[in-house]
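Here is the structure we will look at.
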Amino acid sequence: MRAARLIKMVLLLQSRPAMTAAELARELEVSERTVTRDAQALSEAGVPVYAERGRAGGYRLVGGYRTRLTGLGRGEAEALFLSGVPEALREMGLADVASAARLKVSAALTPSLRDAPRAVAQRFHLDAPAWFREPRTPALLPVIADAVRDDRRVRARYRRGEREVERELEPYGLVLKAGVWYLCARVRGDGGGAWRTYRIDRFVGAEDLGDRFGRDEEFDLPGFWAGQAERFARSILRTEVVVRLSEAGVRALPHVVDPVAARDALATAGEADDRGRVTVTLGVESQDVAHAQLTALGAEAEVIAPESLRKRFAEDAARLAELYRPV
């Protein structure tokens, strides 16, 4: 295990000019003290790891040192071929490039690993779009993808309701969510440097401005997307309903409503009553949406408020009782 960690440490230092002990500790999932010991062990083994002290210090490899420890194990080779998303690459116009890269990697594998691409293709397949939705590739996706890869500014026009809006964007990253492509970008000019997320299928025009922008290296695409997704989920929960849930209802709630809404609702639960039911306040998009979602819980959920929604469920119950009364 330590040998694998030492190899990873060398490869990390090869890929960057320098790394602090804290950065290495985070990447290697060890303590900074362990990083210090590992660096000493590498130095004693003849790997020229140099440590610079001070605020701007860190670890670096001296003299452009390059390791030849690049052999792949079977698990690593299979993970490499699994990491591609074929449909996404095709939609971004990268299918040919990805195919060439896979051929080159395959040719470099040892004979015992040559079957790795076929083995993983026979065992795993990613189908990104949601059910009951015909996947459509946005016409402007390849243009946006090129700009994202090369850090080039774009002037984009997109639909906002019934009108079109034009913005100058610094395109930072692409996200494919349930078959829908999104662009995470920083708005220039009137946008004042604000970060925004755009659905690419709403773009009606995109012009590559040709010049590159200085990328903020602190930008974290997965973290940014997670924050945006949670804020969006909460922004549409404009109505509250009070629901009494059985134990089974508590377990099922995250499967019938938005996970963020379920988590927030269950955090409001008080002590269970004498029937083992707890009362929660649930955020929903509307009463119509709440009716559709909570119907799936049947008798495991009792709507307490608002009265109009409770009345609606009572009417449903009456119709069901009439429908299923003994013949």
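The values are calculated or read from the model by the stated rules, or taken from the named source; none is laboratory data. Values in this document were obtained by computation on a predicted structure and should not be read as measured data. Don't worry about glycine lacking a Cβ; one is built from the backbone with ideal geometry, like all the others, and counts go over all protein chains shown. Heads up: the accessible areas ignore ligands, DNA and RNA and are worked out on the full protein's heavy atoms, side chains in. Shrake-Rupley method; radii C 1.70, N 1.55, O 1.52, S 1.80 Å.
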*Can you find a residue in segment 187-198 that is within 17 Å of PRO142 (Cβ to Cβ) and in a strand (DSSP E or B)?*
yes
*asked:* Looking at segment 9-20, I want the residues that are more than 17 Å from SER31 (Cα to Cα) and have a partner that is among the charged types (D, E, K, R) and at pLDDT below 85 with Cβ atoms under 8 Å, at least 6 apart or on another chain. Which pairs are those?
replied: GLN14/ARG66; ALA18/GLU52
*Within segment 31-44, can you find the residues that are touching a residue at least 24 places away in the same chain (Cβ under 8 Å) and open to solvent by 40 Å² or more (accessible area, probe 1.4 Å)?*
none
_For segment 268-296, which positions are out of contact with any Gly (no Cβ under 9 Å at 6 or more places or on another chain), closer than 13 Å to LEU245 by Cβ and among the β-branched types (Val, Ile, Thr)?_
THR268, THR281
*Give the residues of segment 288-300 that are touching a Leu at 6+ places or on another chain (Cβ under 8 Å) and either open to solvent by 60 Å² or more (accessible area, probe 1.4 Å) or free of Cβ contacts under 8 Å to residues at least 40 places away in the same chain (or both), sorted by residue number.*
HIS291, GLU300
*Which condition number does THR281 fail, the rest of (1) open to solvent by less than 60 Å² (accessible area, probe 1.4 Å); (2) assigned to a loop (DSSP other than H, G, I, E, B); (3) within 30 Å of HIS291 (Cβ to Cβ) being met?*
(2)
*Taking segment 301-327 as the search range and keeping residues that are in contact with a strand residue (DSSP E or B) (Cβ under 8 Å, 6 or more places away or on another chain) and small (Gly, Ala, Ser), which one is surrounded by the fewest Cβ atoms within 10 Å (Cβ to Cβ)?*
ALA305
*Looking at VAL256, VAL327, which is the one that is β-branched (Val, Ile, Thr), farther than 30 Å from TRP195 by Cβ and at pLDDT below 90?*
VAL327
*For PHE232, work out the one condition from (1) exposed (fewer than 15 other Cβ atoms within 10 Å of the Cβ); (2) touching a residue at least 40 places away in the same chain (Cβ under 8 Å); (3) part of a helix (DSSP H, G or I) it doesn't fulfil.*
(2)
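Yes/no per residue for (1) part of a helix (DSSP H, G or I); (2) out of contact with any Gly (no Cβ under 8 Å at 6 or more places or on another chain); (3) surrounded by 16 or more Cβ atoms within 10 Å (Cβ to Cβ):
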{"site": "VAL204", "(1), (2), (3)": "no, yes, no"}
{"site": "ASP211", "(1), (2), (3)": "no, yes, no"}
{"site": "ASP216", "(1), (2), (3)": "no, yes, no"}
{"site": "GLY223", "(1), (2), (3)": "yes, yes, no"}
{"site": "ALA226", "(1), (2), (3)": "yes, yes, no"}
{"site": "LEU237", "(1), (2), (3)": "no, no, yes"}
*Of ALA147, ALA98, which residue is closer than 25 Å to CYS184 by Cβ, buried (at least 16 other Cβ atoms within 10 Å of the Cβ) and at pLDDT below 70?*
ALA98
